[in-house]
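To start, the structure itself, in structure tokens.
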Amino acid sequence: LGKILLIHGLGGSTFSYETNAPILAQAGYLVITIDLPGFGYSSRHINQDHAQTTRANQLWQLLDEIDQKALYNGSQINSWHIGGHSMGGGTAAAMAYARQEDVSSIILIDGALFENNRSTTFVTLPIISRIIQVLLEHVLIKPERIESFLTSAYGQTPTEKQVLGYLTPLTLNGTARSALALLKTARNIPEENLSDLELPILALWGEDDAWVPLENTIKIKDLMPQTQIAVIEGAGHVPMETHASEFNQILLQWLKSYSSN
């Protein structure tokens, strides 16, 4: 039917889509989920460039390898549906901007596409970098902190499994150092570039998202008028986890509309 890449958000991993990817695969789609560099169980590097354009290039290299193997095995090659949650929405947009001809549609899941204009210059100071690293390692990456963050993102109390799903990768060696690289280098593509995207776009949002509020969809639609907006009632920032059934139904209906692309 088609191919879909699902990209997690800040602090997430492939765990974020564990209740979605199997359903999409059962429906006949080739589904790829990944851990971005510095997240999940991917490698951590202090000099990692987390700019969305860099991520886009890395992921296109991966998808090209997958397509080459599919071609070798006689499978038909077609374009990709690119879905991204929160920070991953910026990655999806950067991938589409780089190679529109290879994208069937973009799915923005509570997508964070816009910069907050905060300067990261101070992070480059050695003493500040060390303070942030200590805070991450000894204060923030703790079960009670992760539970608090997830409660805010979910809009409800997470299960023990969900807390561990996020906490365990964050305890890997190098996570704090990698987070410093993220603070220094993370950049979305310029807002004006979004207007050049002429692809079908689905903005799939939690109605009660307190992290990337629903109002963001107004600006997205202003920049990309072709955007269709789907809102899940009662959902927070992570609807694919907290409201998986509604999320999967909306996404499958969207993908079916473009299954011939």
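The values are calculated or read from the model by the stated rules, or taken from the named source; none is laboratory data. This is a predicted model, so every value here is computed, not measured. Please note: Cβ atoms are built from the backbone with ideal geometry, for glycine as well, and neighbour counts cover all protein chains shown. Side chains are part of the model used for accessible areas, which takes the heavy atoms of the whole protein and leaves out ligands, DNA and RNA. Shrake-Rupley method; radii C 1.70, N 1.55, O 1.52, S 1.80 Å.
Reported count of residues in the stretch 1-21, each being among the aliphatic types (A, V, I, L, M), open to solvent by 10 Å² or more (accessible area, probe 1.4 Å) and touching a residue at least 60 places away in the same chain (Cβ under 8 Å), is 2. Taken together, Thr33, Thr54 contain a single residue that is within 16 Å of Leu182 (Cα to Cα) and open to solvent by less than 60 Å² (accessible area, probe 1.4 Å), which is Thr54. Cβ-Cβ distances below 7 Å connect the following pairs, each with a first residue in the stretch 165-190 that is touching a residue at least 12 places away in the same chain (Cβ under 8 Å), a second residue that is in a helix (DSSP H, G or I) and open to solvent by 60 Å² or more (accessible area, probe 1.4 Å), and a separation of six or more residues or different chains: Leu167/Pro143; Ala176/Glu137; Lys184/Thr124; Ile189/Thr53; Ile189/Tyr97. Which one is modelled with the lowest pLDDT, of the residues in the stretch 239-261 that are under 16 Å from Leu199 (Cβ atoms) and not in a helix (DSSP H, G or I)? Step by step, filter the stretch 239-261, then rank; the result is Asn261.
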